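Novice: Below you will find the structure I want to go over with you.
The values are calculated or read from the model by the stated rules, or taken from the named source; none is laboratory data. Note that this is a predicted model, so its numbers are computed, not measured. Positions of Cβ are backbone-derived with ideal geometry, glycine not excepted, and every protein chain shown enters the neighbour counts.
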Amino acid sequence: MPLVSVRDLKRHYDIRLTGGLFGRRAKLKAVDGVSFDLKMGETLGLVGESGCGKSTTAKLVLGLIPATSGTVSFDGSAVTAAHDAQWRHMRRRMQMIYQDPLGALDRRLPVSAQIGEPIAVHEPHVPADEREARVGEIMTSVGLRADQAASYPHELSGGQRQRVVIARALALQPDFIVCDEPVSALDVSIQAQVLNLLEDLKERNGFTSLFISHDLKVVRQMSDRVAVMYLGMIVEEGPPEDVFHAPMHPYTQALVSAIPTPSRRGKRERIVLEGDPPNPVNKPSGCPFHPRCPSAMSECREFQPMLASHGSRKVACHLRPAPSAGLIAAE
Amino acid sequence: MFAYILNRVARAVLTLIIIVSLAFVILRMSGDPAIMILGPEAPPQAVEAFRKAWGLDQPIWVQYAKYFGAVIQGDLGNSMRDGRAALEVVWERVPLTLAITVPALLLNILIGLPAGVLAALFRNTAYDRLIMMVSVIGFTVPSFVMGLTLSLLLAVWLRLLPSGGSGTVAHAVLPVVTMGIIGAAVIARFTRSAMLEVLGQPYIRTASAKGVPWSQVITRHALANAAIPTMTIIGFMVGSLVAGAVVVESVFSWPGVGRLLVTAVANRDLAVVQVILLLIGFTMVAANLAVDLLYGWVDPRMRTKTATAGA
Amino acid sequence: MSTETLPSEQADAGGSVFSSKNVLRVFFEKWPLAVLLALSWIALLVIIVAFAPFIAPYDYLAISLTDRLAPPLFLGGGWAHPLGTDELGRDVLSRLLMSVRISIVIAFLSTLIAATLGVSLGFIAAYFRGKVEQLVLMLIDAQAAMPFMIIALAVLAFFGNSLMLFTILMGFYGWERIARIARGLALSANEQGYATAVRDIGASPWRIYGRHILPNIASTLIVSMTLNFPEVILLESGLSFLGLGVQPPLSSLGNMVGYGRDYIQSAPWIMLAPSVVIVLTTLAISIVGDWLRDLFDPTLS
Ligand SMILES: Nc1ncnc2c1ncn2[C@@H]1O[C@H](COP(=O)(O)OP(=O)(O)OP(=O)(O)O)[C@@H](O)[C@H]1O
Ligand code: SF4
Ligand SMILES: [Mg+2]
């Protein structure tokens, strides 16, 4: 049984477009039918360009915001977004690491108090000195010095702050961690350190994780499986080696071709996407990628391709019909 | 425009209903009126008779309905001091209070508005600083201190004016001046900041850049736009004038509603206090309604916005 | 200009940057003279509040009919009663010290009550949103629509007067402004990462609001409390002046002015001394409040 199971998750926002007398009402489909499973101990990487709905997916999976439709289950029980006692209790087993470490920390509390906060919240019976001792251990394990315990967030460097956020997320050794672009706010040199730290910690603690990034290389390093998102949907999913070496979906092909390879052997032509950048407000009919797809066919405009299995992976594209079924009309 | 007026009037009526209901609740919460008026040692038969006479033996919602009906008919009980109808007792004092508050409000506006506008136009000059320094009075000198100081100077030492009482115009001068100065200081401060805000707006700079003479920029654009926030403060001034009248009338022994309220509170003449409370409530609602309607008239943007938001 | 002086200017000044004149200028730019004076006055008040009975030369209730209506020093009186005596021969200075104590303590407690009430309601509105928030906003509007002095008079008429009731009543002054500010600040804090992050850890609302949001917005709240304080003093002294506030034998600054009014012809000093103290106190606290506001939070209007 998978630890986390996500089925047809959707999140739509009602928005008002500016202009006009009252502002036209519109629907923004931030996440529009996402399904995946996460086995115990597995890391799923989620890639896609800015605005495709990665962070929204992360918040939905953890039940931080309510879904428009669809379900998330964690270890057999449903994850809801009602912020009640049961929801709070569930936080003990699922945590998030944020993109912006400075914003995620309270400027007015020393970092040790913030790292110890999950313990204080979920294990209030633990005496203060024992909690401090545990905080000390956690700090060492994420590479923070003991004398930094009393520092305030602004007194630390960006990398150190992200270590604090990681330490706080790991304080109770949760089973499931969502990392939403954990290194994209950091300098490149520090990115590698923090990624290595996450890998080490995962080896030691063995948590399951959803790892989000727009950087294919980072996802490749961190994940057992990757899913590529476009306009709120997963268009391709599979083992990183397969997906990045032999991408099947035209969008993935374009993404992979854009990676600057150090050894320019001229093997790959860079595919430059044409057309407007994707807009989740006016989602195209049929295949959402068709206005920019170099291989678009007439049926792509009308029918939405479903995610179909091809051996170890899944693809949603009319060029790759499901081995048995052929064309599947989407509603 | 019609929808806007309707919306505002409906809100005013709703506020009035809330005020009347609150008055009822407070009246009932403050203890058993029979005991309070007859005293704790009153014989039970007397208490019983009193309850019957005032309808206090009926269920609370019947009392509430009756109370509401009585308020609408203007039947608000009798003063416990002289037994006359409370409304009548209060009503005969109203002209005296108006006689000092209306001139005071005019004085507020006549001094405060120009002072504030000029301070804004001559921002950071000695003139601006002088006005702002003087206007601190409005926030730090209580009206009774101001009144007594004026009285000490002009009545006691210089013997120019009477220090208290009523009857002649001379008697009204000190109360009016006291309330006038304090209110003018508040309005001056507010007008200055409203004006400064408007002067910083892009359209003012555009107008003057287009070559519109500065005097015209001020009169056509700046003043018109600063008038809108300033109007709200004048609505608010009505409230502080009412509160100020309570104190100032006492300082100068001016026999208006304010002084009546103070004696009624001291004697716990609840019927009279209640009438005054309702009267002030109605005044406040009317003032706010007037400001709202003026607002809609001066600023058409406001009108459509609220009307559509309300719809 | 204040701390970094250009080399050319240094040369012009013909000496060190740390010449005494320069140091003084830097000092006064940071601590304007008015603020310094205001702070000294407040310090004096604090000492009076703490030690009034020890400083006062006489018992504030002691009647001495032989010393009736003695003029103060500046009107040719003697050192025995520097601020003169009243109709009953009570020492004005001693009464003034005790009145300052009562007025300040009432204003302080009331402001604390208003802050507690305002912050709680503001947080409740920000946490629950929806209908609860609408209700709180309606209460705020209702309170703001009616002059507080009138509400206070009505409550005193209906419920009678005692020192405790009076202090609590004064505590309802200004809560609506603090509630409005607290709600706004809490709403924007909720949008910020730190509050969301703590919520995502599984912390209770008590913890989020009490341990995280409150300390983060405290400076702005303290400023608005400081600005509320002088207004409470004005209100309290106004009611006491009318004889409807603090009741004898206790005395507040307003009581003293009210009592002195009857002797404005024969003994104006009785009302002048407390009047001056009221004005100086409200002025001093307002100056410090404005200064703190500019220091902490230039956006608070
Ligand atoms: N609260 C909201 N209200 C309206 N629209 C929203 C809201 N939150 C997100 N969106 C929209 O949903 C879409 C997806 O946002 P999301 O934050 O999930 O993107 P993302 O993939 O994480 O992008 P990035 O890589 O830039 O972080 C965006 O178009 C965004 O504007
Ligand atoms: S379905 Fe059509 S448009 Fe969509 S990716 Fe495949 S080929 Fe391109
Ligand atoms: Mg994101």
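Novice: Got at least one residue in segment A:63-80 being within 23 Å of A:Met222 (Cα to Cα), within 14 Å of ligand 1 (Cβ to nearest atom), in contact with a Leu (Cβ under 7 Å, 6 or more places away or on another chain) and in contact (Cβ under 8 Å) with a residue 12 or more places away in the chain?
Specialist: no
Novice: Among the numbered criteria (1) within 13 Å of another protein chain (Cβ to nearest Cβ); (2) more than 16 Å from ligand 1 (Cβ to nearest atom); (3) surrounded by 18 or more Cβ atoms within 10 Å (Cβ to Cβ), which one does A:Asp84 miss?
Specialist: A:Asp84 satisfies all of (1) within 13 Å of another protein chain (Cβ to nearest Cβ); (2) more than 16 Å from ligand 1 (Cβ to nearest atom); (3) surrounded by 18 or more Cβ atoms within 10 Å (Cβ to Cβ) except (3).
Novice: Same structure, new question: Looking at B:Ile218 and the list (1) among the hydrophobic types (A, V, I, L, M, F, W, C); (2) at pLDDT below 80; (3) surrounded by fewer than 19 Cβ atoms within 10 Å (Cβ to Cβ), which single condition is not satisfied?
Specialist: (3)
Novice: Something else about it: Kindly state which helices (runs of 4 or more DSSP H) lie completely within segment B:222-311 and contain at least 3 residues that are at pLDDT 85 or above, of a type in the set (Gly, Ala, Ser) and crowded, with 20+ Cβ neighbours inside 10 Å.
Specialist: Details: elements: B:223-251, B:257-267, B:270-298, B:300-310.
Of the helices (runs of 4 or more DSSP H) lying wholly inside segment B:222-311, those with at least 3 residues that are at pLDDT 85 or above, of a type in the set (Gly, Ala, Ser) and crowded, with 20+ Cβ neighbours inside 10 Å span B:223-251.
Novice: Let me ask something else about it. Taking the condition of being in contact (Cβ under 8 Å) with a residue 12 or more places away in the chain, farther than 22 Å from A:Gln191 by Cβ and surrounded by fewer than 20 Cβ atoms within 10 Å (Cβ to Cβ), how many residues in segment A:122-150 meet it? Quick ask: steps written out before the conclusion?
Specialist: Applying the first criterion (in contact (Cβ under 8 Å) with a residue 12 or more places away in the chain) to segment A:122-150 yields A:122-123, A:131-132, A:134-136, A:138-139, A:141-144, A:148-150.
Within this subset, residues satisfying the condition of being farther than 22 Å from A:Gln191 by Cβ are A:122-123, A:131-132, A:134-136, A:149-150.
Now restrict to residues that are surrounded by fewer than 20 Cβ atoms within 10 Å (Cβ to Cβ): A:122-123, A:132, A:134, A:136, A:149-150.
Qualifying residue count, segment A:122-150: 7.
Novice: Then there's this: Testing A:Ser73 on (1) surrounded by 18 or more Cβ atoms within 10 Å (Cβ to Cβ); (2) more than 16 Å from ligand 2 (Cβ to nearest atom); (3) modelled with pLDDT of 90 or more, one condition comes back false. Which one is that?
Specialist: (1)
Novice: Continuing with the same structure: If the requirement is being more than 12 Å from chain C (Cβ to nearest Cβ), within 16 Å of ligand 3 (Cβ to nearest atom), out of contact with any Pro (no Cβ under 8 Å at 6 or more places or on another chain) and within 30 Å of A:Gly143 (Cα to Cα), which of these qualifies: A:Leu62, A:Leu46? Explain how you work it out, then say what you get.
Specialist: Working: A:Leu62 fails: more than 12 Å from chain C (Cβ to nearest Cβ).
The conditions single out A:Leu46.
Novice: Is segment A:203-211 home to any residue that is part of a helix (DSSP H, G or I), on the phi < 0 side of the Ramachandran plot, within 14 Å of chain C (Cβ to nearest Cβ) and of a type outside the set (Asp, Glu)?
Specialist: Within segment A:203-211, the subset part of a helix (DSSP H, G or I) is A:203-205.
Next cut, on the phi < 0 side of the Ramachandran plot only: A:203-205.
Of the ones still in play, those that are also within 14 Å of chain C (Cβ to nearest Cβ) are none.
Taking every residue of segment A:203-211 in turn, none turns out to be part of a helix (DSSP H, G or I), on the phi < 0 side of the Ramachandran plot, within 14 Å of chain C (Cβ to nearest Cβ) and of a type outside the set (Asp, Glu).
Novice: Out of the residues in segment A:87-102 meeting the condition of being assigned to a loop (DSSP other than H, G, I, E, B) and at the interface with another protein chain (Cβ under 7 Å from one of its Cβ atoms), tell me which one is farthest from C:Gly193 (Cα to Cα).
Specialist: A:Arg92
Novice: Something else about it: So, A:Val219, is that one within 16 Å of ligand 2 (Cβ to nearest atom), buried (at least 17 other Cβ atoms within 10 Å of the Cβ) and not hydroxyl-bearing (Ser, Thr, Tyr) or not?
Specialist: Criteria not met by A:Val219.
Novice: Can I ask one more? Exactly one condition in (1) within 30 Å of A:His154 (Cα to Cα); (2) more than 13 Å from chain A (Cβ to nearest Cβ); (3) of a type outside the set (S, T, N, Q) is not met by C:Tyr194; state its number.
Specialist: Single failed check for C:Tyr194: (2).
Novice: Condition test on C:Ser266, is it part of a loop (DSSP other than H, G, I, E, B) and touching a residue at least 24 places away in the same chain (Cβ under 8 Å)?
Specialist: Against the criterion (part of a loop (DSSP other than H, G, I, E, B) and touching a residue at least 24 places away in the same chain (Cβ under 8 Å)), C:Ser266 qualifies.
Novice: How many residues are at negative phi and more than 12 Å from ligand 1 (Cβ to nearest atom) when one looks only at segment A:31-60?
Specialist: 10
Novice: Quick check, is C:Pro53 closer than 30 Å to C:Asp86 by Cβ and in contact with a strand residue (DSSP E or B) (Cβ under 9 Å, 6 or more places away or on another chain)?
Specialist: Values: closer than 30 Å to C:Asp86 by Cβ: yes; in contact with a strand residue (DSSP E or B) (Cβ under 9 Å, 6 or more places away or on another chain): no.
No: the conditions fail for C:Pro53.
Novice: Inside segment B:265-288, can you point out the residues that are within 18 Å of B:Ala85 (Cα to Cα) and more than 7 Å from every other protein chain (Cβ to nearest Cβ)?
Specialist: Result: B:Asn267, B:Asp269, B:Ala271, B:Val272, B:Gln274, B:Val275, B:Ile276, B:Leu278, B:Leu279.
Novice: Please state which of the following conditions A:Glu137 fails to meet, knowing it meets all the rest: (1) within 28 Å of A:Lys29 (Cα to Cα); (2) not in a loop (DSSP other than H, G, I, E, B).
Specialist: Condition not satisfied by A:Glu137: (1).
Novice: Only residues in segment A:170-182 that are within 12 Å of chain C (Cβ to nearest Cβ) count as the first member; pair them with residues that are more than 16 Å from ligand 3 (Cβ to nearest atom) and charged (D, E, K, R), Cβ under 7 angstrom, at least 6 apart or cross-chain, and list the lot.
Specialist: A:Leu172/A:Arg92; A:Pro174/A:Arg92; A:Pro174/A:Arg93
Novice: Hey, which of the helices (runs of 4 or more DSSP H) in segment B:3-121, taking only ones fully inside, have at least 2 residues that are more than 26 Å from B:Ser250 (Cβ to Cβ) and at pLDDT below 75?
Specialist: The qualifying helices (runs of 4 or more DSSP H) are B:33-38, B:44-54.
Novice: Within segment A:103-118, work out how many residues are at pLDDT below 90 and more than 8 Å from chain C (Cβ to nearest Cβ).
Specialist: Residues flagged as at pLDDT below 90 and more than 8 Å from chain C (Cβ to nearest Cβ) within segment A:103-118 amount to 0.
Novice: Return the total of residues in segment C:227-263 being in a helix (DSSP H, G or I) and either within 11 Å of another protein chain (Cβ to nearest Cβ) or under 25 Å from C:Pro53 (Cα atoms) (or both).
Specialist: Number satisfying all stated conditions: 23.
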